[in-house]
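Engineer: Questions regarding the structure given below will be posed in turn.
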Amino acid sequence: MNLKIELEKAQFIFNTIPDAIIVTRLSDGLPVEVNDGFLKISGYSREEIIHNTTVQNNIWHDPLERELFVQDIENGGTCANREFVFRRKDGSLLFATIDSKITAIDNESYLITSIHDITAQKQAEKGMREYERIFETIFLASPDDITVTDLSGRITMSSHAAYHIFGYPPDFQTAGMHLLEFVAPEDRERAKANMVKNVYGGYPGPNEYKGLRWDGTIFDIEVNSSLIRDDNGVPVSMILVVRDITQRKNSENQ
């Protein structure tokens, strides 16, 4: 076995692993080696990392998180799949999971730490939470009925305005009902045809129908609809905005 070739192979693997890896000497806390992945996500040069501890480089965003990490290492010699927040050289935050383990090399103890960058995932989750809060606010505040259904037209959720517009008791469960149950019999076939057009990509709105209230009275509604798609662009549900246009229609007919 050619030791030089084997060492070169090991170095190549070390530097091509996508996750960041840092090797720290336990006796003084100084890093002795980092791979290219660590330099890439941290923004530091190798010289800046090797000659300073992570505390000196101010890499830890929250000192309390560092204390938790140190406690894990002192108590069990490992830290497995824990989430921490770090600070890059430019001051931006790095969200990551880390796995660390104490290893003996030439009778000296070192801490080998692998860092997996999950910043994009965390930002996506934050964006989704913000989107959900915005949707919830619109859902609660809109004077129009906002209803979500499956592709067959079965209701999965309705806003509070839906109960007011159609006169249903607040504790009534509309989930599971079909959209056509809220449309007057004379307009159901047309509404059904437009729903099919919507599912297959032909936007059919806005459309006007005769709506059917809880007490059986008929009134005028306007419906706008759209598809909700998954990450692959495949339709998974429909969303409809229903407006009571009775006053408008009465004005037009005067």
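Computed from the coordinates by the stated procedures, all read-outs in this text should not be read as laboratory data. This structure is a prediction, so every number in the text was calculated from the model and none was measured. Every residue, glycine among them, receives a Cβ derived from its backbone with ideal geometry; neighbour counts consider all protein chains shown.
Engineer: Which FRET efficiency, nearest 0.05, do Asp99 and Asp230 yield, Cβ-Cβ r, R0 45 Å?
Structural biologist: 0.90
Engineer: For mean projected area of the Cα convex hull in nm², several values are listed as (1) 22.7; (2) 16.1; (3) 14.2; flag the one computed from this structure.
Structural biologist: Of the labelled values, this structure produces (1).
Engineer: Another question, if that's okay. Roughly how many nanometres apart are two label points built 7 Å out from the Cα toward the Cβ at Thr217 and Val199?
Structural biologist: Reported label-point gap for Thr217 and Val199 is 3.3 nm.
Engineer: In addition: In Å and from the alpha-carbon atoms only, list the Rg and Dmax of segment 78-161.
Structural biologist: 22.8, 73
Engineer: Using the Cα centre as the reference, give the magnitude of the dipole from point charges on the C-beta atoms of the chain (Lys, Arg: +1; Asp, Glu: -1; all else neutral), rounded to the nearest 20 debye.
Structural biologist: 560
Engineer: Mind jotting down a quarter of the surface of the convex hull over the alpha carbons of segment 43-107, in square nanometres, one decimal?
Structural biologist: Over all viewing directions, segment 43-107 projects a mean Cα-hull area of 5.1 nm².
Engineer: Based on Cβ point charges of +1 for Lys and Arg and -1 for Asp and Glu, what charge dipole magnitude is obtained for segment 112-254 about its Cα centre, in debye rounded to the nearest 20?
Structural biologist: 160
Engineer: Could you point to the residue in Leu94, Ser251, Thr53 farthest towards the positive end of the chain's charge dipole, with +1 and -1 charges on the Cβ of Lys/Arg and Asp/Glu respectively?
Structural biologist: Ser251
Engineer: Once you sort the root eigenvalues of the Cα gyration tensor of segment 156-254 as a ≥ b ≥ c, which label holds: rounded (a/c under 1.5), prolate (a/b larger than b/c) or oblate (the other case)?
Structural biologist: Because a/c hits 1.5 or more and a/b fails to exceed b/c, segment 156-254 counts as oblate.
Engineer: Dimensions of segment 85-227 along principal axes (Cα, Å, largest first)?
Structural biologist: Computed over segment 85-227, the largest-to-smallest principal extents equal 87, 33, 29 Å.
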